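The values are calculated or read from the model by the stated rules, or taken from the named source; none is laboratory data. This structure is a prediction, so every number in the text was calculated from the model and none was measured. Cβ placement follows ideal geometry from the backbone for every residue including glycine, while neighbour counts extend to all protein chains displayed. Heavy atoms of the whole protein, side chains included, go into the accessibility calculation; ligands, DNA and RNA do not. Shrake-Rupley method; radii C 1.70, N 1.55, O 1.52, S 1.80 Å.
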Amino acid sequence: MINKVRPHLSQNELLVFERSSPGKKAYQLPELDVPAVDAAEALGAANVRAEIEGFPEISEVEAIRHFTRLSTWNYAIDYGMYPLGSCTMKYNPRINEVVARTEALAWAHPYQPAALAQGSMAVMAQLEAALAEITGMDAVTLQPAAGAHGELTGILLIRALLEKRGNPRKKILIPDSAHGTNPATAAIAGYAVQNIPSSATGVLDVSALAQIVDKDVAALMVTNPNTLGVFEENIIQAAEILHKKGAMLYMDGANMNALVGIARPGDFGVDVMHLNLHKTFSTPHGGGGPGAGPVAVKKVLEPFLPAPRLKRTGKKWAWDYNRKRSIGRVKAYYGNFGVLVRALAYILAHGGPGLRNATVDAVLNAVYIRKRLEAYYDLPYSQANMHEVVFSDHRQAKLGVHTGDIAKRLIDYGFHPYTVSFPLIVHGALMIEPTETEGKHEIDQFIEAMISIAQEIETDPQLVKTAPHGTRTSRVDEVTAARKPVLRWKPA
Amino acid sequence: MRYLPKSDFERREMLGACGVSQPEELFAHLPEAARLGRPLNLAPGISEYEIVQYFRDRAAENGNGFACFLGAGVYNHYRPVLVDTVVSRGEFLTSYTPYQAEIAQGTLTTIFEFQTMICQLTGMDVANASMYDGSTAVPEAAMMAVRATGKGRVLVARSVHPEYREVLLTYAKNQGMPVEEFGYDPETGTLDLEDLERKMDDFTAAVIVQTPNFFGIADQVKEAARIAHGRGALLVVVFTEAVSLGILEPPAEADIVAGELQSFAISPSYGGPYAGIIATREKYIRQMPGRLVGQSVDSRGNRAFCLTLATREQHIRREKATSNICTNQALIALMATVFMTVYGKQGLRELAEQNLAKAHYLAGKVKPRFSGPFFNEFVVKVGAVEDLNKQLLKKKIIGGLPLGRFYPELADSVLLCATEMTRRADMDVVADTILRAATPTEVTA
Ligand SMILES: Cc1ncc(COP(=O)(O)O)c(C=O)c1O
């Protein structure tokens, strides 16, 4: 029974290049208040380009219709639940968009004198302090641009500390349930990756860990709660094992939405971690970015943080470039400031108690979904889950229907799919993360859709295997796209 | 909390369905020692109006109403209204990475258009869906060149943005990728090609240059390409001022272009978020970092787009991926796409011409330090840099960037930028102040 959506007209739209016609304009520049300059004379004829072949030429009204029509081909949080596991697709408060556009913040140039940037710096300082309190860590850098960038920063910090202690070591340990950015990051930081198998219950196997950690291990990168949505119950012991052998504990904080106000990584042995402000702190994903990936560290790692650092001198904020042990810059300027503004607005709106309430609701939603779907979908790991729940397609696969098919059928019911086929330790994973910003009504509709699909698979598996049926675009041939890549438009 | 959509009654119902009476029980499985036994030490939540007020107060602590002559990688260009109109649509703003192609054609189509426009602008065959920014695109391009050539060393011009070079060093340090710098000509401000020739060797994977370079000068890309290619290295061309591509010859001799699109309707925002790009030749596609959108068809035969060539990426290849990048700058790239659509073929040219005219008007009054051809910024020797900028601040003008921090040999100089937003009257004040501050031999009009 599909009751969340009904079909409606959707406009076709060509590519902007196909809509162009010579001489059309969507702009008007002011009259020049200085004499015009001959480009060939000023730059040298050889430096001046011919016209930009194929570049758009359309009118203003056509431009707005173009992008508006295209936009309606997207699903979005504003349309409904977006239960992508590991992605924390929560409501993006609109006030955050407004304040990020406050004129003297949005137009602040990164090189304007510190005396004229005190407000921007105060915003950053306040966010650093709030994130330190939330994570239980001692210092925070806001420079990294996203989660993976934070991971790289964190691993470079570990390398710098170990180097100073005499040996950067060779390996990073990464559980097999980890996100792909973790091993990719370790490799870029110059480390070998050793994958470690999860225990039968899907968590860190500490006795195995104790065997593996030796003088070559620089760190363990662990996601907590892990990608099954399960809290690593032995995290404190794991930290002890690592620390005893001079190794560090890195935490991928992508799942902090399960912990804010409840537990702090700094209190359970973590040395360094990143946060994804575009997950936990509600800054919009925007179809793939931007994000921000602040890194929080314990005191021993503070001297190595990327330069410059904010510092207070008297009553003024200043940038401290004189950081001899710093790993260097990971990005020009100071970070994705506009994203930082939105995250701080989110924290201010919730306040301490509100942040905790949000965590409770996020976990409640995921536990509720689990309870109500357990009878229909296989649950490969039975530990208590936190903010997300991972099922497998074990039962449905016997009828030839796989997680990817179920995901596509969900679209017909008016929902964005869950995360498909991740984590890798679950064969045919359905990874569901509702977040706290879904109400009971939306969640119940989602559950009913999932149950209805489970029943369809019994009676009409083909219907599910060929889904989606109600979308303007049906299943896309991804194989041909990769075999014969067409990555740009060309005139016919 | 106003963002939480449940009533207490619904919350109790749901807890009941979970067999739980108190919310705390949901966390009972966490080890006691790991739990925070107190409330977070953060103030209680505040209303929407108070949030607006908080940020207005912070904004008031910044400089307000100053004319700004700073460029140096971040430019004050007008942002057409359509840009925020489009990116404020929830369908673009609140959607995820377009993995589910059937319900993400809006984002996928605009990225395909973006990739196409970047190719048209740069003269490259393919462009990716964005990098974090120009500064991180540079090490990504260097790593790409290392993979493509099987060599290991990188030569970077000192006239590449200093902070981009710092980022390159951070990445390179741990990869056995030696980075060496080569100089600029103190007369022209263009590449010191002899220094480059001298430092080239057969182990060099990439030569990295910027145009317009950090001093605003259209640099010698063709000559750099000849030298790089002569020893089997790739040429990486960096740009920070994308508007220049409206008028300057595209870097067609490059093998990889690594650029920053902040100039395309992306507000300066104290340093980010911006959008970087990597564009390259067809033969290097499989070495590219980042997401790519490709054209295909759906099962009904209609044109459709999807993410493609993902076997380069971390979620498939893990430690063997071409990069660890996952989240990129999609919405910011969309800003640039709308900007390019609004200005279009003629508009970008006209915009570039206005920038050229403004900067040359100012330069006509204060002699640029270098003789190379410049676009919308240039270096001026002014003597006492800080004094000059202090005087300008009193006149509500933020002067040029003092170069001493990055180039000790240019401690007496500033980098001045003028865009279409710069007013003639302000330029007159700047020129006047510089001329008055300087001794007659230093600056001649
Ligand atoms: C568990 C986990 N780790 C790391 C990342 C990478 O973060 P980002 O996409 O911000 O680089 C993600 C998000 O995609 C994730 O889910």
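State which residue is nearest to the ligand (Cβ to nearest atom) when the search covers only the range A:133-153 and only residues that are more than 10 Å from chain B (Cβ to nearest Cβ) and assigned to a helix (DSSP H, G or I).
My answer is A:GLY150.
Which of the numbered conditions does A:GLY335 fail, given that it passes all the others? Conditions: (1) open to solvent by 10 Å² or more (accessible area, probe 1.4 Å); (2) under 23 Å from the mean Cα position of the chain (by Cα); (3) at positive phi; (4) not hydrophobic (A, V, I, L, M, F, W, C).
Tallying (1) open to solvent by 10 Å² or more (accessible area, probe 1.4 Å); (2) under 23 Å from the mean Cα position of the chain (by Cα); (3) at positive phi; (4) not hydrophobic (A, V, I, L, M, F, W, C), A:GLY335 fails exactly one: (1).
Can you tell me which of (1) within 17 Å of A:ARG356 (Cα to Cα); (2) facing chain A (nearest Cβ under 7 Å) is the one B:ASP8 doesn't meet?
So B:ASP8 meets the others, but not (2).
Go through the range A:175-198 and report how many residues are away from chain B (no Cβ under 12 Å) and under 23 Å from the mean Cα position of the chain (by Cα).
2
What are the pairs with Cβ atoms under 6 angstrom where one residue, in the range B:303-322, is within 7 Å of another protein chain (Cβ to nearest Cβ) and buried (at least 21 other Cβ atoms within 10 Å of the Cβ) and the other, located anywhere, is among the β-branched types (Val, Ile, Thr) and in a helix (DSSP H, G or I)? Sequence gap at least six, or different chains.
If the second residue must be among the β-branched types (Val, Ile, Thr) and in a helix (DSSP H, G or I), the pairs left are B:GLN314/A:THR181.
Tell me which of these B:TYR343 doesn't satisfy, since it passes every other one: (1) among the hydroxyl-bearing types (Ser, Thr, Tyr); (2) open to solvent by less than 10 Å² (accessible area, probe 1.4 Å); (3) in contact with a Phe, Trp or Tyr (Cβ under 9 Å, 6 or more places away or on another chain).
(2)
Name every residue in the range A:272-284 that is of a type outside the set (S, T, N, Q) and either more than 7 Å from chain B (Cβ to nearest Cβ) or within 9 Å of the ligand (Cβ to nearest atom) (or both), in order of residue number.
Correct list: A:VAL272, A:MET273, A:HIS274, A:LEU275, A:LEU277, A:HIS278, A:LYS279, A:PHE281.
Looking at B:LEU70, B:LEU121, can you tell me which residue is under 15 Å from B:THR337 (Cα atoms) and open to solvent by less than 10 Å² (accessible area, probe 1.4 Å)?
B:LEU121
Could you list, in sequence order, all residues of the range A:105-115 that are of a type in the set (A, V, I, L, M, F, W, C) and either crowded, with 22+ Cβ neighbours inside 10 Å or under 22 Å from the mean Cα position of the chain (by Cα) (or both)?
A:LEU105, A:ALA108, listed by residue number.
Taking B:ARG286 as the residue in question, decide whether it is open to solvent by 10 Å² or more (accessible area, probe 1.4 Å), within 16 Å of the ligand (Cβ to nearest atom), more than 27 Å from B:LEU93 (Cβ to Cβ) and more than 7 Å from chain A (Cβ to nearest Cβ).
Judged against the criteria, B:ARG286 is not a match.
Across the range A:154-174, which residue is most open to solvent (accessible area, probe 1.4 Å) among those that are within 10 Å of chain B (Cβ to nearest Cβ) and more than 12 Å from the ligand (Cβ to nearest atom)?
For the range A:154-174, the residue satisfying everything is A:GLU163.
If the requirement is being in contact with a Leu (Cβ under 7 Å, 6 or more places away or on another chain) and open to solvent by less than 10 Å² (accessible area, probe 1.4 Å), which of these qualifies: A:LEU373, A:LEU344?
Answer to the check: A:LEU344.
Would you pick out the residues in the range A:175-224 that are of a type in the set (Ser, Thr, Tyr), part of a loop (DSSP other than H, G, I, E, B) and more than 16 Å from the ligand (Cβ to nearest atom)?
A:TYR191, A:SER199, A:THR201, listed by residue number.
So which of B:ARG300, B:ARG318, B:ARG312 ends up being within 14 Å of the ligand (Cβ to nearest atom) and in the same structural domain as B:ALA101 (by TED's automatic domain parsing)?
B:ARG318
Which residue is most open to solvent (accessible area, probe 1.4 Å), if the candidates are limited to the range B:393-427 and must be in a helix (DSSP H, G or I) and within 12 Å of chain A (Cβ to nearest Cβ)?
So the residue we want is B:ARG424.
Of the residues that sit in the range A:285-312 and are open to solvent by less than 10 Å² (accessible area, probe 1.4 Å) and away from chain B (no Cβ under 14 Å), which one is nearest to the chain's Cα centre (by Cα)?
Among them, the one singled out is A:ALA296.
For the structure I just gave you, tell me whether A:LEU364 is closer than 20 Å to A:CYS87 by Cα, in a helix (DSSP H, G or I) and not β-branched (Val, Ile, Thr). Before the answer, list the steps.
Working: closer than 20 Å to A:CYS87 by Cα: yes; in a helix (DSSP H, G or I): yes; not β-branched (Val, Ile, Thr): yes.
Taking the combined requirement at face value, the residue satisfies it.
This table checks each residue for (1) more than 22 Å from B:PRO368 (Cα to Cα); (2) aliphatic (A, V, I, L, M); (3) open to solvent by less than 10 Å² (accessible area, probe 1.4 Å).
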| residue | (1), (2), (3) |
| --- | --- |
| B:VAL146 | yes, yes, no |
| B:ARG153 | yes, no, no |
| B:SER159 | no, no, yes |
| B:ASN174 | yes, no, no |
| B:GLU197 | yes, no, no |
| B:THR204 | yes, no, yes |
| B:ILE208 | yes, yes, yes |
| B:GLU223 | yes, no, no |
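Scan B:GLY150, B:GLY123, B:GLY106 and give me the residue that is within 7 Å of another protein chain (Cβ to nearest Cβ) and of a type outside the set (Ser, Thr, Tyr).
B:GLY106
Spot the failing condition for A:ILE241; the list is (1) more than 11 Å from the ligand (Cβ to nearest atom); (2) in contact with a strand residue (DSSP E or B) (Cβ under 7 Å, 6 or more places away or on another chain), and only one is missed.
Unmet condition: (2).
Would you check which residues across the range B:148-165 are outside any loop (DSSP other than H, G, I, E, B) and under 13 Å from the mean Cα position of the chain (by Cα) and list them?
B:GLU163, B:TYR164
So for the range A:195-203 (the condition being crowded, with 24+ Cβ neighbours inside 10 Å and out of contact with any Phe, Trp or Tyr (no Cβ under 7 Å at 6 or more places or on another chain)), does at least one residue qualify?
Yes, some residue in the range A:195-203 is crowded, with 24+ Cβ neighbours inside 10 Å and out of contact with any Phe, Trp or Tyr (no Cβ under 7 Å at 6 or more places or on another chain).
Assess whether B:SER135 counts as being of a type in the set (Ser, Thr, Tyr) and within 7 Å of chain A (Cβ to nearest Cβ).
Considered against the rule, which asks whether it is of a type in the set (Ser, Thr, Tyr) and within 7 Å of chain A (Cβ to nearest Cβ), B:SER135 comes out as yes.
Looking at B:TYR99, B:TYR49, B:TYR75 in this structure, which one is touching a residue at least 24 places away in the same chain (Cβ under 8 Å) and open to solvent by 40 Å² or more (accessible area, probe 1.4 Å)? Explain how you work it out, then say what you get.
On the way: B:TYR49 fails: touching a residue at least 24 places away in the same chain (Cβ under 8 Å); B:TYR75 fails: open to solvent by 40 Å² or more (accessible area, probe 1.4 Å).
Among B:TYR99, B:TYR49, B:TYR75, only B:TYR99 is touching a residue at least 24 places away in the same chain (Cβ under 8 Å) and open to solvent by 40 Å² or more (accessible area, probe 1.4 Å).
Would you be able to tell me the number of residues in the range B:359-380 that are closer than 14 Å to A:ASP33 by Cα and open to solvent by 10 Å² or more (accessible area, probe 1.4 Å)?
Taking the range B:359-380 as the starting set, the residues that turn out to be closer than 14 Å to A:ASP33 by Cα are B:359-362.
Right, trim to open to solvent by 10 Å² or more (accessible area, probe 1.4 Å) and you get B:360-361.
Of the residues in that region, 2 qualify.
Could you check the range A:426-492 for helices (runs of 4 or more DSSP H) lying wholly inside it with 1 or more residues that are over 30 Å from A:LEU14 (Cβ atoms)?
Where helices (runs of 4 or more DSSP H) fall fully within the range A:426-492 and carry at least 1 residues being over 30 Å from A:LEU14 (Cβ atoms), they are A:440-459, A:461-465.
Checking B:GLY344 against (1) within 16 Å of the ligand (Cβ to nearest atom); (2) over 20 Å from the mean Cα position of the chain (by Cα), which single condition isn't satisfied?
Tallying (1) within 16 Å of the ligand (Cβ to nearest atom); (2) over 20 Å from the mean Cα position of the chain (by Cα), B:GLY344 fails exactly one: (1).
Out of the residues in the range A:244-265 that are facing chain B (nearest Cβ under 10 Å) and more than 13 Å from the ligand (Cβ to nearest atom), which is most open to solvent (accessible area, probe 1.4 Å)?
Of everything passing the filter in the range A:244-265, A:ARG264 is most open to solvent (accessible area, probe 1.4 Å).
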